[in-house]
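Encoded as structure tokens, the structure appears first; notes follow it.
Just so you know, all these numbers are worked out from the coordinates, no wet-lab data involved. The shown structure was predicted, so the numbers you read here are calculated from the model rather than taken from an experiment. Here Cβ is always computed from backbone atoms with ideal geometry, including for glycine, and neighbour counts include all displayed protein chains.
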Amino acid sequence: MNIKVVGDIRVGKIQPSLTGNPIVDDVLIQHFCDRLKEKLNSLKLFIDIIPDHFFDATKPCTDIILMDRRIIADLPDELLMNFKIIDIDHNDILRGNVAGALEALKRFDSGKHVSAI
């Protein structure tokens, strides 16, 4: 199982962006992924963290998805209900702050309701 980070979507009818600039989005989302991978590795959890710019709600996926809360608000609930999605604060992705994501992943692993608030 992998963890995918969705901070922007570049396909489909709804194409939310992290900053409005795809080059900047790439760098910020990759930085968030790198920071999260470093933290998980330090806890001896070796999981692939993948930036996903092409999230497609019509394709099944068993990975955990960390998704920008603003994107979740833009997508219909029925499209997202078959995924393991943890909502992440937009500013956390922008700033590379992974503390909320780590706490949410811990709660997810324990079976509790998950949100990275």
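Quick notes on this structure:
- Qualifying residues in the stretch 1-47 (those that are touching a Pro at 6+ places or on another chain (Cβ under 9 Å) and of a type in the set (Lys, Arg)) - the one farthest from residue 73 (Cα to Cα): 4
- When residue 17 is tested against (1) in contact with an Asp or Glu (Cβ under 6 Å, 6 or more places away or on another chain); (2) in contact (Cβ under 8 Å) with a residue 12 or more places away in the chain; (3) not acidic (Asp, Glu), just one condition goes unmet, and that condition is (2).
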